[in-house]
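See below for the structure under consideration.
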Amino acid sequence: MHGWFVALAGGVLIGLAASALLWSNGRIAGISGIADGVVFPARNDVAWRIAFLVGMIAAAGAYMAFVPGAPTPRTDFPRHGLLIAGLLVGFGARMANGCTSGHGVCGIGRLSPRSFAAVGTFMATAFATTFAIRHLGN
Amino acid sequence: MQRSTIAALISGAIFGTGLAMSGMTDARRILGFLDIAGDFDPTLLFVLGGAVLTTALLFRPALLPARPMFAESFRLSTLRRIDRRLLGGAALFGIGWGIAGYCPGPALAGLGVGAVEALWFVPAMIAGMLLHRLSTKLSDQRLGVGLSS
């Protein structure tokens, strides 16, 4: 199979999963929001979140571990870079009330103006950041 | 287990399969996409395209019933304003995403194989979420308004 076809099929699965969660639980599949509700649990609003994340982590792990030729995670990125990036991603996702999944996959699918604005903004700063790190200052 | 919990588990498993299958758990792919001036890798465009086309098609019928299959009500964001919080948060998020190539889903998914980078990134991400909650609490207290988020 061609790489782009596998990527497209993976994307369709992500969209199907988000649609299934909305249809069954009435919830938006925004990973940062789902995780936030596990870290700061509210009464009677935790089980579905843990179930979704456990399913996601286990399935992705099984795929990477057992499917021949599956992409494997990178291992050699500088640790301080991971810490700074993690802080910014966690803080920014909560401040914006969503990340690539909540605003990107679900919000754009709902044609939400807020999500279009968020996605345009984080794409722009991400492009600029990667450009600056890879092509400036060397 | 309740039916709603099982449905969430299955949804999560489909989501995780999609993430791993499309290579989103490999941050080199993400940075390859974000690096337009370098060796551009369009994979993410196909993933996001496939996902958004699917939600655009299926969200409408999913929202047609009066209530979700296994829950009381649909819980969609009621926020409408495009304000500084939304844009500032998205800007910070993009900078973090552009540094290491991880957003929350793929980073958490990496835990499934004990990926060493996920073990550094995820705790930092949770610390960032905590910091945000602390900072909104402090500013709400200073303004004398109730805790909203």
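Throughout, read-outs are computed from the coordinates displayed, never taken from laboratory work. As the structure is a computational prediction, the values presented were derived from the model and not from experiment. Counting neighbours? That spans all protein chains shown, and the Cβs are built from the backbone with ideal geometry, glycine included.
Descriptive notes on the structure:
- Applying 1/(1 + (r/R0)^6) with r as the Cβ-Cβ distance of A:Phe66 and A:Trp4 and R0 = 30 angstrom yields a FRET efficiency of 0.80.
- Taking the inverse of the mean reciprocal distance over all distinct Cα pairs, the Kirkwood hydrodynamic radius of the stretch A:1-63 comes to 12.9 Å.
- Principal axis extents of the Cα atoms in the stretch B:1-100, from largest to smallest and rounded to whole angstrom, are 48, 35, 26.
- Cβ charges +1 (Lys, Arg) and -1 (Asp, Glu), total dipole of the stretch B:3-143, debye: 760
- Cα-based shape type of the stretch B:16-73, given that a ≥ b ≥ c are square roots of the gyration tensor eigenvalues and the cut on a/c is 1.5: prolate
- Each principal axis of the Cα cloud of the stretch A:50-138 was taken in turn, and the coordinate range along them, longest first, works out to 42, 37, 23 Å.
- The modelled label-to-label distance for the pair A:Ala47/B:Leu45, using points 7 Å beyond Cα in the direction of Cβ, is 4.5 nm.
- Within chain A, the whole DSSP H helices whose Cα atoms reach 27 Å or more along their own axis and whose mean Kyte-Doolittle score is at least 0.5 are A:3-25, A:47-66, A:113-135.
- Expressed as a fraction of 2.2 N^0.38 Å, the value expected for a compact globular protein of N residues, the C-alpha radius of gyration of the protein assembly as shown is 0.94.
- Measuring nothing but how far apart in sequence close Cα pairs (under 8 Å, 6+ apart) lie, relative to its length, the stretch A:3-135 scores a relative contact order of 28 percent.
- For the protein assembly as shown, the dipole from Cβ point charges (+1 on Lys and Arg, -1 on Asp and Glu) about the Cα centre works out to 860 debye, to the nearest 20.
- In this Cβ point-charge picture (+1 for Lys and Arg, -1 for Asp and Glu), the stretch A:3-135 has a dipole of about 160 debye about its Cα centre.
- Largest to smallest principal axis extent of the C-alpha atoms in the stretch B:104-145, angstrom: 45, 15, 8
- Span-rule helices in chain B, defined as complete DSSP H runs reaching 30 Å or more along the axis (Cα) with Kyte mean at least 0.0: B:116-143
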